[in-house]
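Each remark here refers to the structure printed beneath this line.
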Amino acid sequence: MSTLKFIAVFCGSSAGVNLAYANKAEELGTYLGANGFHLVYGGGNIGLMGIIANAALKAGGEVTGVLPHFLNKKEVGHVALSKLILVDSMHERKQKIEDLSDAFIAMPGGFGTLEEVSEMLTWGQLGLHQKPIGLYNINGFYNSLLQQMDGMVQEEFLKPQNRAMVLEGTAPEQLVTSLKNYAPVAVLKWLKPDQS
């Protein structure tokens, strides 16, 4: 069982077509802010990113954003955060978010969100960190991705222990509790001992 303070949330710069996404982003931000968690996120003020940051701030929480300079120049940077860290690249943004955070949550989003959570999973699989990673599975958004992961296990591209790294929840308290209770298992990425 781990101690969590800084929780990173990856999510869309769009709010999506279903109001449930915005409502659940607000619910998660409010929960994190009201319960003493420090939100770390991509630093934007639009879409689900802006919604969760505003909700966490309104609930009295601290929020750190990490934003590349080129996106800040497009005026998508949030100006009312506890702290905004400007970096030079998307990769540096992910590395800084990983460095700052004790756990990761992926909300619905597009390519950027998928890429961010995939990299955190890959780094965890390779033993570069042992931090918990959860999917906030609103409206069944991640059902097909979870099925794909199960297929990877079935076809022996992914170990069951590594598949178990992916936590899932549909409510903030449930998901954060899963993150707190996560016990990392040391497993080599390679499926067969003779592979190098």
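The values are calculated or read from the model by the stated rules, or taken from the named source; none is laboratory data. Because the structure is predicted, anything quoted here is derived from the model rather than measured. Counting neighbours? That spans all protein chains shown, and the Cβs are built from the backbone with ideal geometry, glycine included.
Is one or more of the residues making up the stretch 46-67 touching a Pro at 6+ places or on another chain (Cβ under 9 Å) and of a type outside the set (Asp, Glu)?
yes
Here is a check on your reading of the model: is Gly44 at pLDDT below 95 and within 15 Å of the chain's Cα centre (by Cα)?
yes
Select from the stretch 158-183 the residues that are free of Cβ contacts under 8 Å to residues at least 12 places away in the same chain and farther than 24 Å from Ala22 by Cβ and write down the one among them that is surrounded by the most Cβ atoms within 10 Å (Cβ to Cβ).
That would be Leu158.
For Ala53, indicate whether it is of a type in the set (Gly, Ala, Ser) and either in a loop (DSSP other than H, G, I, E, B) or surrounded by fewer than 19 Cβ atoms within 10 Å (Cβ to Cβ) (or both).
No; evaluated as a whole, the condition is false for this residue.
In the stretch 59-85, what residues are part of a strand (DSSP E or B) and free of Cβ contacts under 8 Å to residues at least 24 places away in the same chain?
The answer is Lys83, and nothing else.
What number of residues within the stretch 19-50 are within 13 Å of Ala80 (Cβ to Cβ) and without any contact (Cβ under 8 Å) to a residue 24 or more places away in the chain?
Of the residues in that region, 0 qualify.
Across the stretch 89-119, what is the total count of residues that are assigned to a helix (DSSP H, G or I) and closer than 23 Å to Ala22 by Cα?
Of the residues in the stretch 89-119, 9 are assigned to a helix (DSSP H, G or I) and closer than 23 Å to Ala22 by Cα.
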